[in-house]
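So the structure is just underneath, and the comments pick up after that.
The values are calculated or read from the model by the stated rules, or taken from the named source; none is laboratory data. This structure is a prediction, so every number in the text was calculated from the model and none was measured. Every residue, glycine as well, gets a Cβ built from its backbone with ideal geometry; the counts of neighbours run over all protein chains shown. The accessibility values were calculated without ligands, DNA or RNA, using every heavy atom of the protein model including side chains. Shrake-Rupley method; radii C 1.70, N 1.55, O 1.52, S 1.80 Å.
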Amino acid sequence: MDNEQTYQGPQRVFSGVQPTGALHLGNYLGALKNWVDMQNNDPGAERLYGVVDLHAITAGYEPEQLARATREIAAAYIAGGIDPARSAIFVQSAVSAHSELMWLLSSMTQMGKLERMTQFKDKAGKNAERAGLGLFAYPVLMAADILIYRATHVPVGEDQKQHLELSRDIAATFNARYGVEFFPQPEPVIMGEATRVMSLQDGTKKMSKSDPSEKSRINLIDDADTIVKKIKKAQTDPDALPDSVEGLAGRAGADNLVTIYAALAEKTKAEVIAEYAGQGWGVFKPALADLAVEKLAPMTARMSELMADPAQIDAILSAGNEKANALAEKTVREVREIMGFWG
Ligand code: AQP
């Protein structure tokens with residue numbers, strides 16, 4: 001059999017975003033920006049970035065919007081700096097091995113572990129009995145997304161840390177049950193100053209695509225005016241900026257804006273505080289708005305260009321799908337063989 005029982009290939013990086021709405025600043029700073037930095041600093045690795053549309057149907061969604069939302073996420077990847085020549089950009093549902101591996105892995109995933117996932121508890125809310133099986137099993141599909149490429153590194157925001165732990169656990173269970181060293185332990189890569197960007201309206205809540213309030217997030221497709229208005233209205237407090245990072249403790253809204261500034265400016269929070277100590281929000285917010293517009297405007301413009309030419313996006317996705325399918329089919333073939341299936 002031609003499977004590599006011990007993974008000795010190059011580093012493989014996998015990550016993805018679900019097309020549940022427009023990409024926001026949290027997705028950009030917590031994920032996409034880091035993917036681009038990794039791409040530009042580690043030419044030896046193989047990289048795959050999926051638009052993970054099978055995850056997007058685990059909550060209510062509009063079927064007629066899904067394909068467009070998928071293209072929009074792909075456009076954001078490209079506009080944000082992912083180079084299709086160096087990183088495969090693909091659509092999860094076009095690579096059926098993700099779903100097959102999920103089923104195989106679900107047979108070795110304990111319900112108790114899934115019940116502990118905080119994202120399920122948050123999203124299912126008080127009505128967990130009525131939540132769909134897909135929402136409950138989401139982390140098993142995520143494990144399959146990663147393991148199907150035998151990925152070694154997974155750049156994500158803080159919120160995905162628990163799911164990543166479960167993926168590592170499933171990989172170890174598979175290896176132990178079948179006496180192989182087939183799946184590597186995927187390493188979460190959680191980097192930068194903004195690993196968890198918070199809502200602009202409530203500094204204790206994660207910035208999220210599914211937050212009903214548009215004012216809670218900055219979308220990558222927002223124009224300059226909208227960005228300025230959203231930052232102006234962002235939650236802060238009456239005090240001026242402190243003179244140390246410790247002074248942000250207990251000031252969630254203030255901490256969030258300083259964090260966003262630091263990540264966009266590629267500085268540390270301490271450097272931002274040193275620059276703005278003692279200043280009021282009347283000074284800091286316009287400075288942050290200028291910086292956000294300066295960084296996001298070129299991306300927004302490029303996204304619009306790409307969205308005006310869906311055939312170009314589709315061609316990039318088709319090439320990415322081909323590459324992803326070749327790798328994924330090989331893995332699932334080997335997994336079937338290890339698990340003892342006929343044929
Ligand atoms: N607020 C955030 N701060 C930092 N990173 C974030 N990510 C998401 N929100 C933040 C990271 O973005 C990547 C893609 O996430 P996703 O869209 O696939 O799922 P999510 O984490 O559930 O993001 P949302 O915006 O909250 O989507 P909805 O509302 O649809 O559930 C991941 O790497 C994530 O860590």
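Figures for the structure shown
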{"item": "Accessible surface, 1.4 Å probe, highest first, among residues Trp103, Trp35", "result": "Trp103, Trp35"}
{"item": "Order of exposure, largest accessible area first, which applies to Glu322, Glu158 with probe 1.4 Å", "result": "Glu322, Glu158"}
{"item": "Candidates Glu187, Glu271, Glu46: whichever shows maximal mean-square fluctuation once the chain is modelled as a Gaussian network with Cα springs under 10 Å", "result": "Glu271"}
{"item": "Residue-by-residue Karplus 3J(HN,Hα) for region 218-226, coefficients 6.51, -1.76, 1.60, Hz, glycine and proline x", "result": "9, 8, 5, 9, 5, 7, 4, 4, 5"}
{"item": "Solution diffusion estimate, µm²/s, Stokes-Einstein, region 96-243, Kirkwood Rh from C-alpha pairs, 10 °C, viscosity 1.306 mPa s", "result": "89"}
{"item": "Against the rule of thumb 2.2 N^0.38 Å, how large the Cα Rg of the chain comes out", "result": "1.03"}
{"item": "Dipole of the chain, positive end: most advanced residue of Ala311, Gln185, Gly247 [Cβ charges, Cα centre]", "result": "Gly247"}
{"item": "Per-selection Kirkwood Rh - region 276-343 (Cα, Å, 1 d.p.)", "result": "16.8"}
{"item": "Degrees between helix 310-339 axis and first principal axis of the chain (Cα, 0 to 90, nearest 10)", "result": "50"}
{"item": "Chain lengthening between Tyr178 and Val283 when straightened (0.36 nm per residue, less Cα-Cα)", "result": "31.7 nm"}
{"item": "Reachable lysines from Lys121, criterion Cα separation under 23 angstrom, eight or more residues apart if same chain", "result": "Lys113, Lys161, Lys205, Lys206, Lys209"}
{"item": "Residue-averaged 222 nm ellipticity for the chain, from DSSP H runs of 4+ at -39500 (n - 2.57), nearest 500", "result": "-16000 deg cm²/dmol"}
{"item": "Note, ³J(HN,Hα) from phi for region 118-135, Karplus 6.51, -1.76, 1.60, rounded to Hz, x at Gly and Pro", "result": "5, 5, 4, 4, 5, 6, 6, x, 6, 9, 4, 4, 9, 5, x, 4, x, 5"}
{"item": "Per-bin percent of Cα-Cα distances, region 12-171 [5 Å]", "result": "2, 9, 19, 21, 23, 16, 8, 3, 1, 0"}
{"item": "Three semi-axes of the equivalent ellipsoid, region 243-293, Cα gyration tensor, whole Å, largest first", "result": "16, 12, 10"}
{"item": "DSSP-defined beta bridges in the chain - what % are antiparallel, rounded to 5", "result": "10"}
{"item": "Positive-end residue of Ser15, Ala67, Leu29, charge dipole of region 1-142 with Cβ unit charges", "result": "Leu29"}
{"item": "Accessible area (Å², 1.4 Å probe, nearest 10) - Leu114", "result": "10"}
{"item": "Area of Met102 that stays accessible when all protein chains are in place (1.4 Å probe, Å², to 10)", "result": "50"}
{"item": "Alpha-carbon gyration tensor eigenvalues x 5, square-rooted, for region 11-105, Å", "result": "22, 17, 11"}
{"item": "Nearest-ten-degree value, helix 161-178 long axis tilted from longest Cα axis of the chain", "result": "10"}
{"item": "Accessible surface of region 9-157 [probe 1.4 Å, protein heavy atoms]: carbon and sulfur percent", "result": "52"}
{"item": "Within the chain: Cβ-based charge dipole about Cα centre, in debye rounded to nearest 20 (Lys, Arg +1; Asp, Glu -1)", "result": "620"}
{"item": "Portion, in percent, of the accessible area of region 226-335 that falls on carbon or sulfur, probe 1.4 Å", "result": "54"}
{"item": "Dipole of region 39-166 [Lys/Arg +1, Asp/Glu -1 at C-beta], most positive-end residue of Ser107, Ala88, Gly157", "result": "Ser107"}
{"item": "Average accessible surface area per residue within the chain, 1.4 Å rolling probe, Å²", "result": "45"}
{"item": "Shape box of region 216-327 [Cα atoms, principal axes, largest first, Å]", "result": "54, 34, 21"}
{"item": "Region 191-288, dipole about Cα centre (Lys/Arg Cβ +1, Asp/Glu Cβ -1), debye to the nearest 20", "result": "360"}
